[in-house]
Each structure stands twice: as structure tokens, then as C-alpha cells.
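Read through the structure below, which is laid out as C-alpha cells, and then see the notes.
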Amino acid sequence: MGIEVVVEGLTKSFGKQNIWQDVTLTLPAGEVSVMLGPSGTGKTVFLKSLIGLLKPDRGRVLINGVDMVNSPEREIFETRKLFGLMFQDGALFGSMSLFDNIAFPLREHTRKKEAEIRRIVMERIEVVGLLGAERKLPGEISGGMRKRAGLARALVLDPQIILCDEPDSGLDPVRTAYLSQLLIDLNAQIDATMLIVTHNLDIAATVPDNMGMLFRRELVTFGPRELLLTSEEPVVAQFLAGRREGPIGMSEEKDAAALAAEAADPRTRANTPREIVPQLEPSPGLPARRAAARRRERVLGMLDRLPPAARAAIERTYASAPTAPAMPLPAAGSGS
Amino acid sequence: MITGALRQTGRLFALSAEVSRAIFKRPFQFREFVEQFWFLASVTILPAALVSIPFGAVIALQVGSLTQQLGAQSFTGGASVLAVVQQASPLIVALLISGAGGSAICADLGSRTIREELDAMEVMGVSPVQRLVVPRVLAAMGVAVLLNGLVSVVGILGGYFFNVYLQDGTPGAYLSSFSSLAQLPDLYVSELKAVIFGFIAGIVAAYRGLNPRGGPKGVGDAVNQSVVITFLLLFFVNMVITGVYLQIVPPKGG
Ligand SMILES: Nc1ncnc2c1ncn2[C@@H]1O[C@H](COP(=O)(O)OP(=O)(O)OP(=O)(O)O)[C@@H](O)[C@H]1O
Ligand SMILES: [Mg+2]
């Protein structure tokens, strides 16, 4: 079973520049969460802080009782082996072929025979659709291929916590849809706790159990997907609709004058309510996601603390049989 | 400014300590070590040999002319050998190991750092210090010793050639003065210097390579700084070791 990740009061600055402060959230064990946020709000910094690559100024990140911020270096080092991190730029070893890159964790941490390693690596390479490119160096393939190779490398040790930094950027829409399905299938197979950082609205709408959003140096919200998808919060609504109107500007924040002008503009208020698309199911033949049942329990238990819109959406989600989609809605970029 | 310099120095020592500890950790990265050794040797051997011939000659000529004026020609050989083995050779090694070897190490580690390769390694629970830095530092030490031997031999041969053929010294006097002035500890301290120089060059290059500031431009700056810092350190350390050696080991031709 996946491992719960508890983040408490995390604050990070680089010199005088505060990135975010007081981020508190819990990634429930085995569930898939998505972190949204405009470019430059510190999502990558957040992922790196979870895994202990960057040291936040304050706060804790608890995993199995180990604090990834303040615990002794050796414990952090051991705990990292539970993680698979897919870097935003792939971070492949430039001097090794894709095969050797993906085999690296196996060769370092297991005593598997070379034939066994070959079998596992080729299987992963096939899953991410890179068959035929395994002998190439990272410098000889496209950006999207590098990302997929980075994902394969992150997955090769069957990690219990998977962090993906913008898995979709650099991928075409079809590959993105396959990737969404791949992430859900993976979750069904190994029940790992997953956190995906993305700008992609299709992934946000169809993959996660939970969603959060970073904006203006803080965590705007974090909770069940229905909470964000029905949110009236201007930032969240703007981001999920991909509109220009709202608090997010080109250089992260708009000033008050621009906002007032927008509010006065009659075209702005065309606020169509979003439909909630059902979450992706694992591919046929795979076991059901164990996290789904746990999530149902958990979310139904917190219903009375949620705003009415979110509550209604959750009740609709769980009204029908858990395996069938709640409503016959058009699928938005689902890869099934 | 001063606290900044102190902090850098502290981190440099911390890295040295970490490397020293990691040297004894299994598994030893033998392949990486051999590759690095081979690489460092291949970029330094030829320039070292080429530099040491004129260096040996200059010293032989200078010492030869001095001894002539002092009326001590019979000591020319021994004196120039001492100068080559104890001073010229370690300094040539310092020059090449930091200029050619250290800059390559620093550029390599620096570009890996900005490509996040080292972060990726750390995330996979593999220590970049053990995996990458230790083999490089050991290779730098090994190559430094090798170079030191090479430079000494080539320098002495060069000195011999110039003294005997250009300054009309006699081969017999040149050789016999070896044993009257030089002694084995001179050779030991020379190799000791080489080992220490290799260690310092490797550590400084690795330190600057692991901490480049801001992108590809930062790597260029880091390489530059690593070479300058290593030069300063090596010349200073050379002075200290020489001073201590001359104090504690009695000269032979007393
Ligand atoms: N090592 C660093 N030193 C100084 N500042 C940094 C460092 N890393 C990130 N930052 C700053 O932190 C902020 C957030 O960066 P981050 O890479 O986390 O953004 P992001 O949310 O991942 O953006 P994107 O969606 O474009 O990837 C940026 O303003 C960046 O300048
Ligand atoms: Mg990022």
C-alpha cells in the first residue's frame, strides 16, 4: 500500500524571494493528487522539497515518521528510496543510453541478473512507448521522448510514492491521453501515492482523486477533486477554465486597476458552470484501484465540512455504482 | 565578504571530509576510476613532457652558470636534480593537474549539475560524492604521482643533456654529484607533494563543479574559478611543505 505524505507549515525562500509559505496538506495513501499553479509559483520547488533535495526554511514533511526537512541525512537518504521522481526536464544521464538510464536504479539497488534487468527495462520502455529507441543517447531524442524515458526510470523500482513534474509538457494530446491512462493503471497495479504537477486541464479533470493549487505564495486549496472543480475561488475558476479574465496575469498577478476594468466589462461574467467529468478507470483486465474505496470512505466522512457545491458533486459521483460513470458525460481527453 | 569566504572554505573542508570517508565505502566505482584515470592521463602526459624539457634545461643552465661562478661545477648535477625533483616537477604537476585535469572535472560535473543529473542520482538513493567525486579525486591523485615521476625523469634527462652538451660539463661529475647532494627523502617528499596536489585539485574542481551558480554561464565561471583557486592553494601548500621539509630533514651535503 502507498504511504501517506504529511506536509505541515512548509515555507521556502531563496534569499529574499519567498516562494510559498505555510503549505499544509496531506497526500492520502495510495491516492492520486494533482498540484496546479501558474508557471513560476514554485511547484517544482515544492516537489523537490518533498523529497529533500531542497531544504525549506520551516515546516515538516513526514513520511513513515521521517521528516524530510530536519531528520538526519542518513534517514532522508533511506526514505528517498521509496520515491520515484520524474524531473521536469527528464534529468537523464547524458553519457548513458536510454536503456542504461532506465536500468541504473536496478543495477544500483538490486542484485538482479542482467537478463532479468533487461526484461524489466524493456517492459517499461514498451509501456512508455519508446521501443526501438533504447540504444539512443538522451541527446539524440526529442524532448517528449526524454520525459517518457524519465518516467520509465522513475517507475522501474516500483516506488511507493511517485512524483511527476509536468509529465504532459512536451507531449502531444494523444500521448497525453495515453499518459493519463498509464498513471491510473499504474496506481491500480502498485497502489502508490502519486502527486502530479501539471498545467494540463484534461489531466486535472480526469486523473486525480485530489487537487490543490499554488498561487501567490500560498496553497489556495487542497482537497477532493470535486472541491476544486466546483470552486468559486476566482483563481481556481480562472485556471480551470483557461480564461484571461481573473486574478492571474501574464506576469503572475494582475494589479487592482486591471481587475476592476475586467469586472466592469460585461463580457467577463459569462461564467458557465463546469461539468465534472468522471475519473478515469483502470484499463480492462487490471484490478480495481484499492485507493478508490479508501477515498470514498474518507471523502464521505468529510462531507459536512465541504461547501454545498462540492458536497453535491461528491454525492452525485458516489450515487451510482462505483464502477460505472456517474453521468453519461462526453469524455474530455480520456485515453481509455 | 569575509564570512562568504569563510563559508566557502568550510564547505570545501566538509566536502574533503565527505570524500575521505566515502573513499572507504563499498562498492568502489572501479570502472569510473579507470576511465577518469585514463582520461586525465591522456590530457596531461604530453603537455607535461613537453613543458618539462625546457624547464629542466632552464634550471640546468641557470644552476650551471651559478655553480661555475662559485667555482662549484662539480655540484651542478646534484643541485639541478634537486631543483627539478623538489620544486619544478611538483609545480609542473600542479599546473597541469589543475589547468588541464581540474578544469575538465569541473566542467563535467558542472554541466551534469545544471542538467539535474546529480539531483536525479541523489533521488535514486545514490551518492554523487561516492559515485562521481571519489573516483575523480583518486584518479587526480594517481595521475599526479605518475606525472611527477615522468616530469622528474624527463627534466633530469633534459638537464643532463644541456649541461653536458652545451655547458661542457662532464657526465661523470654530473652523475656523481647526485649521490653527494640528493637523497631518497627528496624523492619521497616530491611524491608526497604530488599526492596532496592531486587531492586538492580534485576536491576544488569537484566542489566548484557541484555548486555552479545559475545555468551554463555559471559553469564557465566555476571552471575559471576552480583553476585559479587551485593554483593559489597549490603554490601555497608547496611553500609550506618545502619549508617544513627543509626544517626537519637534514640536508645531505653538509
Ligand atoms: N535554485 C534556485 N535558486 C533561486 N531561485 C529559484 C531556484 N529554483 C527556483 N527558483 C525560483 O522559484 C520560483 C519557482 O520556481 P519553480 O521552478 O518551482 O516554478 P514552477 O511552478 O515549477 O514553474 P513551471 O510551471 O514553469 O515549471 C521561480 O521564481 C524561480 O525563480
Ligand atoms: Mg516547474
Practice item. Leaving ligands, DNA and RNA out of it, rank B:Glu116, A:Glu245 by accessible area with a 1.4 Å probe, largest first. Key: A:Glu245, B:Glu116
Point to revise | Cβ neighbours within 10 Å from other chains - mean over B:108-117 | key: 3
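Considering every Cα-Cα pair within region A:77-166, what fraction, in whole percent, is farther apart than 18 Å?
On the way: 1535 of 4005 pairs.
Distances greater than 18 Å cover 38 percent of the Cα pairs.
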Review point. For chain A, what is the calculated [θ] at 222 nm in deg cm²/dmol (nearest 500), taking -39500 (n - 2.57) for each run of four or more DSSP H residues and dividing by its residue count?
Key: -11000 deg cm²/dmol
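Go through A:119-130, B:80-91, A:10-21 and give me the packing order, highest mean Cβ count within 10 Å leading.
Values: A:119-130: 17.4, B:80-91: 24.0, A:10-21: 15.3.
Top of the packing list down: B:80-91, A:119-130, A:10-21.
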Check your understanding: By what distance, in whole Å, do the Cα atoms of the protein assembly as shown stretch along each of the three principal axes, largest value first?
Key -> 109, 60, 40
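How high is the relative contact order of region B:146-254, in percent, counting Cα pairs under 8 Å that sit 6 or more residues apart?
In percent, rounded to a whole number, it is 28.
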Review point. B:Tyr245: accessible area at probe 1.4 Å, nearest 10 Å²?
Key: 20 Å²
**Study point:** Longest to shortest principal axis, alpha-carbon extents of region B:184-228, angstrom
**Key:** 49, 15, 8
Point to revise | A:Tyr318-A:Glu73 pseudo-label distance in nm [points 7 Å out on the Cα-to-Cβ vector] | key: 4.7 nm
Exercise for review: Mind giving me the nanometre distance, one decimal, between the label points for B:Gln183 and A:Arg111, set 7 Å out from Cα along Cα→Cβ?
Suggested key: 5.4 nm
Exercise for review: Enter the accessible area per residue of region B:28-248 (Å², integer; probe 1.4 Å; all protein chains in place).
Suggested key: 43 Å²
Point to revise | Residues losing 50 Å² or more accessible surface upon assembly, region A:63-97, compared with the chain by itself, 1.4 Å | key: A:Phe77, A:Arg80, A:Phe87, A:Phe93
Exercise for review: Would you mind calculating the relative contact order of chain A from Cα pairs under 8 angstrom and at least 6 residues apart, reporting the percent as a whole number?
Suggested key: 21 percent
**Study point:** Cβ-defined net charge surrounding A:Ser13, 15 Å radius [Lys, Arg +1; Asp, Glu -1]
**Key:** +4
Check your understanding: Expressed as a rounded percentage, what relative contact order does region A:13-94 have, with Cα pairs under 8 Å and six or more residues apart?
Key -> 19 percent
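What's the buried accessible area, both sides, between B and A using a 1.4 Å probe, rounded to 100 Å²? Before the final figure, lay out the partial values.
On the way: alone 12890 and 16050 Å², together 27410 Å².
Counting both chains, the buried surface is close to 1500 Å².
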**Study point:** Estimated distance in nm for a label pair at A:Leu62 and A:Asp100, the labels positioned 7 Å out from Cα along Cα-to-Cβ
**Key:** 4.3 nm
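The values are calculated or read from the model by the stated rules, or taken from the named source; none is laboratory data. Bear in mind the structure is a predicted one, so any value in this text is a computation, not a measurement. Ideal geometry is used to build each Cβ from the backbone, glycine not excepted, and the neighbour counts take in all protein chains shown. Quick note on the areas: whole protein, heavy atoms, side chains included, nothing else; ligands and nucleic acids left out. Shrake-Rupley method; radii C 1.70, N 1.55, O 1.52, S 1.80 Å.
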